[in-house]
Structure formats: structure tokens, C-alpha cells
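Peer 1: The structure follows.
The values are calculated or read from the model by the stated rules, or taken from the named source; none is laboratory data. Just so it is clear, the model here is predicted, and its values are computed rather than measured. Note that we place each Cβ from the backbone using ideal geometry, even for glycine, and neighbour counts take in every protein chain shown. Ligands, DNA and RNA are excluded from the accessible area calculation, which covers all protein heavy atoms including side chains. Shrake-Rupley method; radii C 1.70, N 1.55, O 1.52, S 1.80 Å.
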Amino acid sequence: MMLVPCPWCGPRNVAEFRYVGESSARPDPATTSASDWRTYLYTRRNPCDWIKETWYHRMGCRQYFGLERHTMTNRTRPAESSR
Amino acid sequence: MSDTSSYSGPAPVARSPITPGPTRVGDGALSLNDESSVGKLLVHAPVDGPMAGALGTRFGRTAREAGDDTLVVGSGPGEWLVVASVQDLPKLTTWLEQQGEGDPGLVSVVDVTHGRAMMRLTGQAAADVLAKLTAVDLSDSVVPDGGAFRSSVARVATDVIRDDSGGIATSDRPSYLLHCERSSGQYLWDAVVDAGGEFGLTTRGATS
């Protein structure tokens, strides 16, 4: 079982959450190119390392929050601004 | 919560989604009651605004004034569940809306009485029953009287509210309110009845 540290509720079973995806900076839609917008929407880095992700606590506080997870070990730690 | 304006209209009708099935009669030490028919208001407001101050509690805690049947539950960040008798709902809604007018943030008050199911599990073994259905630590140090959390109970997103003083007859036994979506109410009821069988659970259907 994997425990996800919710910043509001504390550690909970991963089954209570929805994985939103890897976090990345959203480009300005008014100035970005089609290529950069497509990269933002569909391309992921998927490194074997720590990555910043967004999770949603659907069965708990119903909040979105940031989380850092190591993709090889599944160890987690709070993101710098997790709420 | 008692400063409400007068209301003389008819009391709203509240029907439970739960069909309790054959009544189980144990030794009375552990009971499960369908309380879906009580009034339920869902309030959303800024965490630190005037509305939060008027409600008098925060996420993870409950508030009940002495002699008042109204229970305010901090069910989420910026989210409260107000439990009261159906007859009091119109007055309570008016009072809450008045409080919300003074809040600069976005405030909503929604009557979810018919959209939710609620049941009360009371008894010394109540935590043991719930421990079969949820992974959250229910010890007194984590969930004391007046504590609340939302988690998976029998794989249903459920508000679990420790409310010993609102229990039946006695206040010295742990009592938990379980609150979930109406469509999951029957399933959750059946799951709790199944889990409580080995503890001699007594069931009782809706009273109104």
C-alpha cells in the first residue's frame, strides 16, 4: 500500500486520491505557439527521479495539492507549496 | 446558532434512502440508527472569513451549543455540514444566509437533506466496527469526541463525526455519525450491519 501525505488530512491510502499528473508551468495561451501548447498538454518528462505532481483527495478534503514523488521508489515528500 | 428569525411555514418532508431490512436485536450495547431524515445544510465559505467565525468551528472539529440540537461540523477546508431538525432548517438557512451577506468571499448554503444519507453508530464497540471498514485511526487521541474526518468507509466517501453527546440515552459511549451520498446510503448501511454482526449490533430504521 502507498501512503499519500495530504497537507490537510495527513497520510492516507492512495486509493482515496486521484492522480492528476505531473505538474508543469502553464504557458500563456495568448502568446504561446501551437507546438509549445501541445507539449504542455501531452508531453511528460517521466524521469527516474523526483518529480512534482498534482493529486486530488477525492474521498477526503476534496482539495488539489502538490506533491513530490520519486518515480522509482514511490517515496513521497511535500512540495514546496503543497496547498 | 440560536439567533434565527421566525418561520411559520410547513415543515419540509425528509425521506430516508435506506430500507433497514429485518431489525436486528442485540443486547443493546451497540446500535445503528438511520438518521437520514434530519436536516442537513452544506455551507461553503472562506476558511478565515466572518462566516467561519459565525459557524464557530474549523475543519476536523464539531461544535454543538449546550441545549441546542444543531450540530456544526467542519467537514472540509472552507466547508461545513450543519445538522439540525428539519423543522429548524428554514430559520437556520435564513440565519446562515444573513451571515453570508457580511462575508466578502464566495458563500453558499445548500440544503442537502434529501441528497444524503446519515446513520448513527453508538456503543463501546463502535470504533471496532468502523475499524473493519476504514483505515483511519479511531483512537481517542486521534478522533476524540467532537472530532470529524472524511475518508473511505467501505470504499464510500463518508463523513465520520464523533458526537458522543448526541448519542442515544447515554453520553458515556462513543457515538459516530456516518454521512454519505444518498445513492450510497443503502450500501453503507448494509456494510455497517454486516461488520457489526459479530458485536451484537441492534438496528433501527428512520424515525420520521
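Peer 1: What single numbered condition from (1) touching a helix residue (DSSP H, G or I) at 6+ places or on another chain (Cβ under 8 Å); (2) of a type in the set (A, V, I, L, M); (3) within 14 Å of B:Asp163 (Cα to Cα) fails to hold for B:Val73?
Peer 2: In the conditions (1) touching a helix residue (DSSP H, G or I) at 6+ places or on another chain (Cβ under 8 Å); (2) of a type in the set (A, V, I, L, M); (3) within 14 Å of B:Asp163 (Cα to Cα), B:Val73 misses (1) alone.
Peer 1: How about chain A: which strands (runs of 3 or more DSSP E) wholly inside it have at least 2 residues that are closer than 18 Å to B:Asp159 by Cα and within 14 Å of chain B (Cβ to nearest Cβ)?
Peer 2: By residue number, A:10-13.
Peer 1: Do we find a residue being surrounded by fewer than 15 Cβ atoms within 10 Å (Cβ to Cβ) and either free of Cβ contacts under 8 Å to residues at least 60 places away in the same chain or not small (Gly, Ala, Ser) (or both) anywhere in the range B:26-39?
Peer 2: Yes, the conditions are met somewhere in the range B:26-39.
Peer 1: Would you pick out the residues in the range B:43-62 that are without any contact (Cβ under 8 Å) to a residue 24 or more places away in the chain and open to solvent by 30 Å² or more (accessible area, probe 1.4 Å)?
Peer 2: Answer for the range B:43-62, where residues must be without any contact (Cβ under 8 Å) to a residue 24 or more places away in the chain and open to solvent by 30 Å² or more (accessible area, probe 1.4 Å): B:Asp48, B:Gly53, B:Arg58, B:Phe59.
Peer 1: B:Val86: in contact (Cβ under 8 Å) with a residue 60 or more places away in the chain, within 14 Å of chain A (Cβ to nearest Cβ) and closer than 15 Å to B:Val110 by Cα, yes or no?
Peer 2: The answer is no for B:Val86.
Peer 1: Taking the range B:110-148 as the search range and keeping residues that are touching an Asp or Glu at 6+ places or on another chain (Cβ under 8 Å) and within 14 Å of chain A (Cβ to nearest Cβ), which one is farthest from A:Gln63 (Cα to Cα)?
Peer 2: Checking each candidate, the answer is B:Val143.
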